[in-house]
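One structure below.
The values are calculated or read from the model by the stated rules, or taken from the named source; none is laboratory data. Just so it is clear, the structure is predicted and the values come from calculations on it, not from any experiment. Here the Cβ is made from the backbone with ideal geometry for all residues, glycine too, and neighbour counts use every protein chain on show. Note: areas computed on protein heavy atoms with side chains; ligands, DNA, RNA excluded. Shrake-Rupley method; radii C 1.70, N 1.55, O 1.52, S 1.80 Å.
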Amino acid sequence: MTAGPSTRVMTASAAAITEAMRCLVAGGLVAFPTETVYGLGADATNSRAVARLYHAKGRPAFNPLISHVPDVAAARRLAAFDAAAARLAEAFWPGPLTLVLPRLPGCPVAELATAGLDTIALRVPNHAVARGLLAAVGRPIVAPSANRSGHVSPTTASHVLADLRGRIDLVLDGGPAPVGIESTIVACLAEPILLRPGGLPRAELQRVLGQALPDRVLSGEELGDAETPVAPGQLASHYAPRTPLRLNARSIEAGEALLAFGPSLPPGSEGAADVANLSPAGDLIEAAANLFAYLRTLDAAGAVAIAAMPIPHQGLGEAINDRLKRAAAPRA
Ligand code: TXA
Ligand code: MG
């Protein structure tokens with residue numbers, strides 16, 4: 001099966017989910033909403049489908065993918081849960097948390113999907129369409145964010161189409177993704193480690209674990225493959241808009257667009273090429289939900305740069321700042 005020139009779009013419904021299930025089981029590529037961002041799904045047990053997915057995204061081939069499953073029981077058939085992992089899964093699944101765990105022998109997920117590692121990233125999304133689809137398929141579904149590699153993650157079906165129209169088979173349109181930022185990734189291999197800040201704030205994880213959650217970039221060796229770039233976003237310019245991004249802006253230069261946060265705008269804003277306020281009320285949850293869509297809007301403004309106001313580094317602010325830092329990194 002090849003992705004034809006036309007990508008179908010269906011409003012999420014029971015019939016559309018059945019259609020999407022058939023497409024996935026046949027080795028097709030289906031974009032679907034989750035609570036974090038839209039994912040580009042493929043049957044995780046079908047290495048040809050996984051290869052097509054890497055191709056559609058233009059993704060560096062050795063970046064491992066998250067396998068999505070409908071519930072904890074399905075996850076436990078794929079990976080080994082230690083006490084910390086069990087506690088986190090119990091507390092936060094379904095939800096915006098991905099766990100990196102040792103693969104079980106006999107785990108049917110294609111080696112290509114885990115980039116040959118002996119660990120696997122698992123997630124149980126909290127979204128009715130995603131869960132309906134996963135339950136219907138009855139197999140793990142790999143789903144990276146449904147954007148071309150290096151672009152910002154999609155939070156609506158139209159973002160998906162802007163990047164992937166003609167490269168994938170079907171898009172299930174379930175409205176805007178409510179969280180707006182990707183899942184938090186925690187490795188439970190020895191002591192739990194934060195690999196990627198995301199939609200679940202660190203403080204909530206620490207509360208359940210009863211201990212501090214250090215962040216550390218695992219070496220490829222620790223994850224079983226010295227050649228593999230492991231921790232997410234190790235590619236310097238991930239999430240990049242085309243327009244240069246200037247962080248912690250406290251004033252606006254001529255020709256810049258403004259990515260604002262909070263009620264008071266910095267000097268020079270009246271002359272900005274365009275303004276998008278992540279949250280006029282200064283609410284970090286609202287800001288996360290708007291982040292990727294507003295980066296896209298400002299990227300289209302033809303500004304010389306996007307000036308981003310400082311975002312408080314607490315709660316979801318940690319994940320927002322992580323994404324902004326990557327978006328501002330020099331292009332590879
Ligand atoms: O919210 C999300 O997590 C979204 C939705 C669609 O579920 N998915 C997502 O996938 O963000 P993706 O592929 O864009 O990011 C997954 C990250 C990658 O950066 C990858 O390096 C990391 O997870 N990852 C996957 N397997 C891993 C493993 N075994 N060890 C370490 N990192 C892993
Ligand atoms: Mg991504």
Computed Rg/Rh for the chain (Cα atoms; Rh = Kirkwood radius) stands at 0.96
Given the whole protein assembly as supplied and a 1.4 Å probe, what does the accessible area of ARG216 come to in Å², nearest 10? 110
Counting helices only, and only those DSSP H runs with n ≥ 4, report the 222 nm mean residue ellipticity of the chain as the sum of -39,500 (n - 2.57) divided by its residues, in deg cm²/dmol to the nearest 500. -8000 deg cm²/dmol
Residue-normalised value, i.e. accessible area per residue, for the chain at 1.4 Å probe, in Å², stands at 39
For the chain, built as a Gaussian network whose Cα springs stay under 10 Å, the top-fluctuating residue of GLY39, GLY262, GLY27: GLY262
For GLU111 and ALA26, compute 0.36 nm times the residue count separating them, minus their Cα-Cα distance, and round to one decimal in nm. 28.7 nm
From the square roots a ≥ b ≥ c of the eigenvalues of the alpha-carbon gyration tensor of segment 1-126, which class results: rounded (a/c under 1.5), prolate (a/b over b/c), or oblate? oblate
Can you order the peptides 315-321, 99-105, 189-195 by their average number of other Cβ atoms within 10 Å per residue, highest first? 315-321, 99-105, 189-195
Restricting to DSSP loop positions (anything but H, G, I, E, B) with no more than 11 other Cβ atoms inside 10 Å of their own Cβ, which GluC sites (Glu not before Pro) remain in segment 4-111? none
Accessible carbon and sulfur surface of the chain relative to its total accessible area, %, 1.4 Å: 55
CYS107 accessible area, assembled protein chains, probe 1.4 Å, Å²: 10
Out of HIS151, GLY95, LEU213, whose Cα points farthest toward the positive end of the dipole of segment 8-223 (charges: +1 Lys, Arg; -1 Asp, Glu; placed on Cβ)? HIS151
Mind checking the alpha-carbon convex hull of segment 245-328 and giving the volume per residue in Å³? 72
The chain, dipole about Cα centre (Lys/Arg Cβ +1, Asp/Glu Cβ -1), debye to the nearest 20: 600
Describe numerically, in nm with one decimal, the distance between label points set 7 Å from Cα along Cα→Cβ at ALA73 and at GLN211. 3.1
